[in-house]
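> First the structure, which I've put down as structure tokens, then a few questions once you've had a look.
The values are calculated or read from the model by the stated rules, or taken from the named source; none is laboratory data. None of the values given here were measured: they were computed from a predicted structure. Cβ placement follows ideal geometry from the backbone for every residue including glycine, while neighbour counts extend to all protein chains displayed.
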Amino acid sequence: MLINKIKELEAISRTLEPGAEDREQMLAILRDYSSEFLDDIETRKAFFEREDGGRALLDSPICDHPIDFNDILDLLRQNVADNGLNPASPGHVGYIPGGGIYPAALGDYLAAMMNSYASVFFASPGAVRIENMLLRWLINLVGYPQEASGNLSSGGSIANLSCIVTARDAHQLNAERIPSAVVYVTNQVHHSLQKALRIAGLAECQIRKIPMDNDFRMDTAALLKAIEADLAAGHYPWLLAASAGTTDTGSIDPLDELAGIAKEYGLWYHVDAAYGGFFLLLDSFRETFKGIEASDSLIIDPHKGLFMPYGLGVALVRNAKQLYNSHFYRADYMQDVILSEEELNPADLSPELSKHFRGLRMWLPLKLHGLKPFRAALEEKLYLTRYFYEELKNLDGFELGPYPQLTVTTFRYVPPHGDANRFNQMLIKAVHRDGRVFPTSTQINGKFVLRMAILAFRTHLYTVDLALQILQETAAELLKDW
Ligand SMILES: *Cc1c(COP(=O)(O)O)cnc(C)c1O
């Protein structure tokens with residue numbers, strides 16, 4: 001009786017394991033879909049404004065009935081692709097793009113297929129070794145000492161959270177001390193830092209927004225003044241969070257000077273290099289980034305400057321012990337786990353236990369291509385940015401922000417009369433409606449400005465010229481009825 005029931009259920013549950021022929025068929029369908037998606041990606045739109053927003057998906061709820069693999073891909077084709085932002089497009093020049101290189105997708109496929117347990121060394125020494133090797137590569141890249149460690153996270157926000165929690169514990173900020181603890185940032189700091197502070201129970205900390213120079217870099221004299229004032233008032237200067245590439249303007253704070261100040265006053269020094277960090281691969285940036293090696297913690301996003309698909313950030317902490325102290329835990333059901341002298345466990349260095357073997361999507365493309373094309377792509381984006389800036393400067397009516405330090409240009413169109421903010425609001429809407437390129441907008445000193453962020457690996461000269469043409473034509477079009 002029991003045996004019969006088991007066998008009956010086995011027959012059904014075995015449908016979860018497609019045979020060799022079915023697998024081949026699925027891969028063939030997947031291959032076709034990938035080709036369809038990628039073959040014309042260079043000219044595919046970056047933004048699709050659609051009335052229905054893919055609502056047809058709701059007509060196909062999760063239920064007991066299986067549907068055909070082809071039909072499933074049709075659902076994706078019709079409702080997910082070409083709907084909203086297409087971050088794979090070379091025309092994605094908004095926010096901070098990256099693109100998502102193809103071999104990384106194959107790494108994801110392999111990681112999911114093998115389902116390696118990249119959480120503890122004991123369970124998957126190979127997978128953990130790969131992830132730790134990637135971290136050591138980054139530790140060397142930023143110039144941290146060998147006792148540094150880190151974690152591959154799902155993104156920069158989570159990486160920021162890990163660093164903030166580590167900084168909190170390393171400075172023993174208990175409930176009593178939190179209200180007097182002071183955080184120093186500029187108003188260009190990424191919002192994920194403030195979010196991390198709140199999630200980490202530090203919402204009661206005092207936040208000082210330090211003024212910036214004309215290039216949106218933290219003013220060190222103003223910082224010193226603020227720290228001295230806080231000390232005089234009996235507060236506890238705790239955390240200095242600098243940016244190595246702000247999201248709005250790509251500004252890099254004076255990292256070396258800030259390092260000196262942090263050291264002098266005993267502040268935890270955190271650097272957000274989520275966007276800018278991989279420019280360290282270019283020798284020409286070593287000087288600009290000097291001081292990053294003196295930070296206590298930092299974040300860097302492979303899904304930005306290393307062109308990985310979304311879902312890959314990195315937290316690095318100068319002293320591995322501090323990251324470990326804030327994140328490790330043991331439980332009885334993990335008693336078989338042998339602590340290795342050789343490699344740290346990712347599970348001891350992050351809030352996660354079971355996790356995606358996300359290192360494979362980064363390791364595979366780096367092995368496959370070597371570093372050279374990554375360096376070339378980053379350098380290309382820098383020159384494209386400078387080209388965009390110079391060309392736009394020559395167009396009538398456009399007003400530019402500061403000369404780009406990285407690959408973001410801010411600008412706006414100033415109409416001959418009327419409210420410039422309203423004009424630029426209309427301009428960005430019209431450019432999005434067109435959809436071939438997708439710049440975004442922001443507010444800087446009360447001005448509504450547009451920003452062009454060139455970092456997607458697929459963005460080449462063609463797309464930058466196209467963006468210039470679209471901006472010029474759209475502005476001219478809007479002026480007709482202005
Ligand atoms: C993107 C970004 C973040 C947040 O990273 P996510 O990966 O989007 O979570 C933090 N800081 C800066 C400067 C960024 O550009």
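Residues checked against (1) surrounded by fewer than 22 Cβ atoms within 10 Å (Cβ to Cβ); (2) more than 18 Å from residue 453 (Cβ to Cβ); (3) touching a strand residue (DSSP E or B) at 6+ places or on another chain (Cβ under 6 Å); (4) touching a residue at least 24 places away in the same chain (Cβ under 8 Å):
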residue: 391; (1), (2), (3), (4): yes, no, no, yes
residue: 397; (1), (2), (3), (4): yes, yes, yes, yes
residue: 406; (1), (2), (3), (4): no, no, no, yes
residue: 409; (1), (2), (3), (4): no, no, yes, yes
residue: 414; (1), (2), (3), (4): yes, yes, yes, no
residue: 421; (1), (2), (3), (4): yes, yes, yes, yes
residue: 424; (1), (2), (3), (4): no, no, yes, yes
residue: 430; (1), (2), (3), (4): yes, yes, no, yes
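> Still on this model: Can we say residue 313 is touching an Asp or Glu at 6+ places or on another chain (Cβ under 6 Å) and under 20 Å from residue 133 (Cβ atoms)?
Values: touching an Asp or Glu at 6+ places or on another chain (Cβ under 6 Å): yes; under 20 Å from residue 133 (Cβ atoms): yes.
It is true that residue 313 is touching an Asp or Glu at 6+ places or on another chain (Cβ under 6 Å) and under 20 Å from residue 133 (Cβ atoms).
> Can you tell me how many residues in the range 142-156 are outside any loop (DSSP other than H, G, I, E, B) and closer than 20 Å to residue 289 by Cα? If you could, list the steps in order and put the result at the bottom.
Filtering the range 142-156 for residues outside any loop (DSSP other than H, G, I, E, B) gives 142, 149-153, 156.
If we keep only those that are closer than 20 Å to residue 289 by Cα too, we end up with 142, 149-150, 156.
So the answer is 4.
> Only one of 172, 194 is without any contact (Cβ under 8 Å) to a residue 60 or more places away in the chain and crowded, with 18+ Cβ neighbours inside 10 Å; which?
194
> What residue, of 210, 178, 164, is more than 15 Å from the ligand (Cβ to nearest atom) and under 28 Å from residue 325 (Cβ atoms)?
178
> Would you be able to tell me the number of residues in the range 455-482 that are in contact with a strand residue (DSSP E or B) (Cβ under 9 Å, 6 or more places away or on another chain) and at pLDDT below 95?
The number of residues fulfilling the criteria is 0.
> Between residues in the range 39-61 that are closer than 27 Å to residue 458 by Cβ and residues that are of a type in the set (Phe, Trp, Tyr) and outside any loop (DSSP other than H, G, I, E, B), which pairs lie under 6 Å by C-beta distance while being six or more apart or on different chains?
Going by the 6 Å Cβ cut-off, the qualifying pairs are 46/438; 47/438.
> Something else about it: Answer yes if at least one residue in the range 109-118 is part of a helix (DSSP H, G or I) and not hydrophobic (A, V, I, L, M, F, W, C), and no otherwise.
Yes - at least one qualifying residue is present in the range 109-118.
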